[in-house]
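Asks: First, the structure itself, so that you have it in front of you.
The values are calculated or read from the model by the stated rules, or taken from the named source; none is laboratory data. What you see is a predicted model, and the numbers here were worked out from it, not measured in a lab. Because the Cβ atoms are built from the backbone with ideal geometry, glycine has one as well, and the counts that use them run over all protein chains shown.
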Protein chains: 2
Amino acid sequence: MLYGAIEGGGTKFVCAVGRSATEILESVVIPTSDPDATLGACVSFFASAERKLGPIGALGFGSFGPLDLRTGSSTYGHMQATPKPGWSHVNLLSPLRTRFDVTIAIDTDVAVAARAEWRLGEGRGLGSVGYVTVGTGIGADIAPRDRLTNRLMHPEMGHIGVRRDPRDTFMGVCPFHGDCLEGLASGPAIYQRWGRDLAELPPRHEAWSIVGTYLGQLAATMALILSVERVIFGGGVMANGLLLPHIRAATWRSLNRYLQPLNHEGSMEHYIAGPLLGSRAGIVGAFLLAESVYSTRRDTNDLQ
Amino acid sequence: MLYGAIEGGGTKFVCAVGRSATEILESVVIPTSDPDATLGACVSFFASAERKLGPIGALGFGSFGPLDLRTGSSTYGHMQATPKPGWSHVNLLSPLRTRFDVTIAIDTDVAVAARAEWRLGEGRGLGSVGYVTVGTGIGADIAPRDRLTNRLMHPEMGHIGVRRDPRDTFMGVCPFHGDCLEGLASGPAIYQRWGRDLAELPPRHEAWSIVGTYLGQLAATMALILSVERVIFGGGVMANGLLLPHIRAATWRSLNRYLQPLNHEGSMEHYIAGPLLGSRAGIVGAFLLAESVYSTRRDTNDLQ
């Protein structure tokens, strides 16, 4: 059985064909341009792969958002309003559906990465994990996740309000909220505030603990609201792992032993983790989505 | 069929027997004292009701927490560490189980109230609701809720961090976090800060908008993280309804049109609501829990 997988990001699309998430046969990276060209290149890749490898049984698509994922919605699988030029309200599924007569499952890039880390990464064996990606934006989701059919939309956790670190007077970069979490701790916020990427700042620079303080507040809030068993931080800003100790310290300070399962010294070492799959989480998750939808044989966003 | 229901609070326990949540035949209010006396009085009430009305088929128990609700835990249904004197680590189920050979389902008082408002109150017909109770403490939960078996514990949303209203310099009353949401917006925080209950302060007093600002931050965070379709605010501090407009305004400011389904004027009127069941939500929810567990015929905390 062959599956197709797409990880659609604001900078690049990754497409792959394989027998499973761990047995990829062909893949391609497509720079994100306008929707027609980008999705057209995805279609061409899968068409070419089918000629070479045989028919694809199902497609899994993890895309940047915001997406309409309400089952039964007339705009299911469409992009919603997005600052990404040209992409607002684009039907992400129709170019694929026109060419391929297979079930296509779509979810956010964050949701599929969360599922990948839960199933095959740092969340293996746990009942539930939160997954946070810190890059150009900040996204977070939970795995496993119940159906989205009974929700307003998919989570948008990157935009929660956070308490100011007293050392930090930066106004924030979020066009909607200014100094929400994404406005203060995303890659662009770091670059604009300190003139370079976090990885290029010395380890003793206050940027590390300031950014860690904000991300730790998200982890604490996810523990209090979602009660996930672990929170995994991935994405470009997390890449070298140096932020994790700062996030652990901030989560510990925020919770202050309040939650019984996290009230002992050392609990943060296990509670806050880096990703096992790294930058592969998105495409692996898209494969898992394809496999899941193939086994249930219906067009669904049910990730249970 | 007869069901028994218990709403266990820090101040009083309400016990009731009835044919359903809407057909209560007998009820009693028991002041909360030590666990033996309080739970003993509950047992006596149900024993007396059974002699009069016939056998009870199932018991639903909504209790103050924190509770151990992990299915399979050796301390399932026990109170966890709590500031309430004498109640830490008490087995809440054993006095009932010793006397009654029926299925007993337990969940938090907030969870059962959330379920009641979702099924029979202001959440009727919606896919999901958040329910917040603002009183001596602040608790919140979501309905319907997936199993707790894959979570750390039940939600403890009242303790999330909030951004300071610049007018407010009160240090907060939470013994763990000082100025978390509960530390700033619970009944005791209001009383300690302004010398009286909110309802006794004039409508133009800044207390209304300050407390509303904090509660609106919770509603916005629940929208971003849980994507619930409505947030219902109940509990003693909410009683006269005057806080709702302040909460709506603060939620609107916090989200700032970011979530597509909530980006139009007037959306807050529907998104933020008062409770329909009022103070009855807890006992009604305990009945729903008993009915649910009777119909599934097993000892469970699965609220689906």
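Asks: Hey, among the residues in the range B:149-173 that are surrounded by fewer than 24 Cβ atoms within 10 Å (Cβ to Cβ) and not in a loop (DSSP other than H, G, I, E, B), which one's farthest from the other protein chains (Cβ to nearest Cβ)?
Replies: That would be B:Gly158.
Asks: Please go through the range A:11-54 and give me each residue that is touching a Phe, Trp or Tyr at 6+ places or on another chain (Cβ under 6 Å) and surrounded by fewer than 16 Cβ atoms within 10 Å (Cβ to Cβ), ordered by number.
Replies: Within the range A:11-54, none qualify.
Asks: I've got another one for you. Among all residue pairs at least 6 apart or on different chains, which show Cβ distances below 7 Å where the first residue, located in the range A:177-191, is surrounded by fewer than 21 Cβ atoms within 10 Å (Cβ to Cβ) and the second is part of a helix (DSSP H, G or I)?
Replies: Matching pairs, first to second residue: A:Gly187/A:Gly236; A:Gly187/A:Val237.
Asks: OK, next. Look at A:Phe176 and say whether it is farther than 27 Å from A:Arg257 by Cα, within 11 Å of chain B (Cβ to nearest Cβ) and part of a loop (DSSP other than H, G, I, E, B). Even if it seems obvious, please write down each step before you answer.
Replies: Numbers: farther than 27 Å from A:Arg257 by Cα: yes; within 11 Å of chain B (Cβ to nearest Cβ): yes; part of a loop (DSSP other than H, G, I, E, B): yes.
Spelling it out, A:Phe176 is indeed farther than 27 Å from A:Arg257 by Cα, within 11 Å of chain B (Cβ to nearest Cβ) and part of a loop (DSSP other than H, G, I, E, B).
Asks: I want to confirm something. Restricting to the range B:79-95 and keeping residues that are touching a residue at least 40 places away in the same chain (Cβ under 8 Å) and closer than 27 Å to B:Pro55 by Cβ, which single residue is farthest from the other protein chains (Cβ to nearest Cβ)?
Replies: Within the range B:79-95, the match that is farthest from the other protein chains (Cβ to nearest Cβ) is B:Pro95.
Asks: Among the listed residues B:Ala207, B:Ala250, which satisfies the condition of being closer than 21 Å to A:Cys180 by Cα, in contact with a Leu (Cβ under 8 Å, 6 or more places away or on another chain) and touching a residue at least 12 places away in the same chain (Cβ under 8 Å)? Don't jump to the end; show me each part of the working.
Replies: Values: B:Ala207 fails: closer than 21 Å to A:Cys180 by Cα.
Testing whether each residue is closer than 21 Å to A:Cys180 by Cα, in contact with a Leu (Cβ under 8 Å, 6 or more places away or on another chain) and touching a residue at least 12 places away in the same chain (Cβ under 8 Å) leaves just B:Ala250.
Asks: Quick one: is A:Ala113 buried (at least 20 other Cβ atoms within 10 Å of the Cβ), modelled with pLDDT of 95 or more and not in a strand (DSSP E or B)? Working first, answer last.
Replies: Numbers: buried (at least 20 other Cβ atoms within 10 Å of the Cβ): yes; modelled with pLDDT of 95 or more: yes; not in a strand (DSSP E or B): yes.
So A:Ala113 passes the test.
Asks: Across the range B:245-265, what is the number of residues that are more than 11 Å from chain A (Cβ to nearest Cβ) and modelled with pLDDT under 95?
Replies: 1
Asks: Condition first: surrounded by fewer than 21 Cβ atoms within 10 Å (Cβ to Cβ) and touching a strand residue (DSSP E or B) at 6+ places or on another chain (Cβ under 8 Å). Now tell me which residues in the range B:230-247 satisfy that. Explain how you work it out, then say what you get.
Replies: Kept after step one, since they are surrounded by fewer than 21 Cβ atoms within 10 Å (Cβ to Cβ), are these residues of the range B:230-247: B:236, B:239-242, B:244-246.
Listed by number, the residues that qualify are B:Gly236, B:Leu244.
Asks: Moving on to the next point. Output the residues belonging to the range A:55-78 that are in contact with a helix residue (DSSP H, G or I) (Cβ under 8 Å, 6 or more places away or on another chain), within 14 Å of another protein chain (Cβ to nearest Cβ) and within 18 Å of A:Thr32 (Cα to Cα).
Replies: Those that are in contact with a helix residue (DSSP H, G or I) (Cβ under 8 Å, 6 or more places away or on another chain), within 14 Å of another protein chain (Cβ to nearest Cβ) and within 18 Å of A:Thr32 (Cα to Cα): A:Gly65, A:Pro66.
Asks: Quick check on my filter: what residues within the range A:116-130 are crowded, with 24+ Cβ neighbours inside 10 Å and within 13 Å of chain B (Cβ to nearest Cβ)? Working first, answer last.
Replies: Going through the range A:116-130, the residues crowded, with 24+ Cβ neighbours inside 10 Å turn out to be A:116-118, A:121, A:123, A:129-130.
Selection gives A:Trp118, A:Gly123, A:Val129, A:Gly130.
Asks: Okay, moving on. Tell me the residue from A:Ala207, A:Ala219, A:Ala185 that is more than 14 Å from chain B (Cβ to nearest Cβ) and in contact with a strand residue (DSSP E or B) (Cβ under 8 Å, 6 or more places away or on another chain), please.
Replies: Numbers: A:Ala207 fails: in contact with a strand residue (DSSP E or B) (Cβ under 8 Å, 6 or more places away or on another chain); A:Ala219 fails: more than 14 Å from chain B (Cβ to nearest Cβ).
Within the list A:Ala207, A:Ala219, A:Ala185, the selection yields A:Ala185.
Asks: Give me a count of the residues in the range B:79-105 that are among the small types (Gly, Ala, Ser) and closer than 18 Å to B:Asp36 by Cβ. Steps first, please.
Replies: Looking only at the range B:79-105, we keep the residues that are among the small types (Gly, Ala, Ser), and these are B:81, B:86, B:88, B:94, B:105.
Within this subset, residues satisfying the condition of being closer than 18 Å to B:Asp36 by Cβ are B:86, B:88, B:94.
The total comes to 3.
Asks: Same structure, new question: Scan the range A:225-244 and give yes if some residue there is at the interface with another protein chain (Cβ under 10 Å from one of its Cβ atoms), outside any loop (DSSP other than H, G, I, E, B), under 18 Å from A:Gly161 (Cα atoms) and touching a Pro at 6+ places or on another chain (Cβ under 9 Å), otherwise no.
Replies: Checking the range A:225-244: at least one residue is at the interface with another protein chain (Cβ under 10 Å from one of its Cβ atoms), outside any loop (DSSP other than H, G, I, E, B), under 18 Å from A:Gly161 (Cα atoms) and touching a Pro at 6+ places or on another chain (Cβ under 9 Å).
Asks: Among the residues that make up the range B:55-63, is at least one of them under 20 Å from the mean Cα position of the chain (by Cα), surrounded by 14 or more Cβ atoms within 10 Å (Cβ to Cβ) and outside any strand (DSSP E or B)? Steps first, answer last, please.
Replies: Here is the first cut: in the range B:55-63, the residues under 20 Å from the mean Cα position of the chain (by Cα) are B:59-63.
Among the residues that remain, those that are also surrounded by 14 or more Cβ atoms within 10 Å (Cβ to Cβ) are: B:59-63.
Keeping just the survivors that are outside any strand (DSSP E or B) gives none.
For the range B:55-63, residues under 20 Å from the mean Cα position of the chain (by Cα), surrounded by 14 or more Cβ atoms within 10 Å (Cβ to Cβ) and outside any strand (DSSP E or B): absent.
Asks: Here's a follow-up. Of the conditions (1) among the hydroxyl-bearing types (Ser, Thr, Tyr); (2) under 19 Å from B:Ile6 (Cα atoms); (3) touching a Ser or Thr at 6+ places or on another chain (Cβ under 8 Å); (4) away from chain A (no Cβ under 14 Å), B:Thr98 satisfies every one except a single condition; which number is it?
Replies: Only one criterion is unmet by B:Thr98, namely (3).
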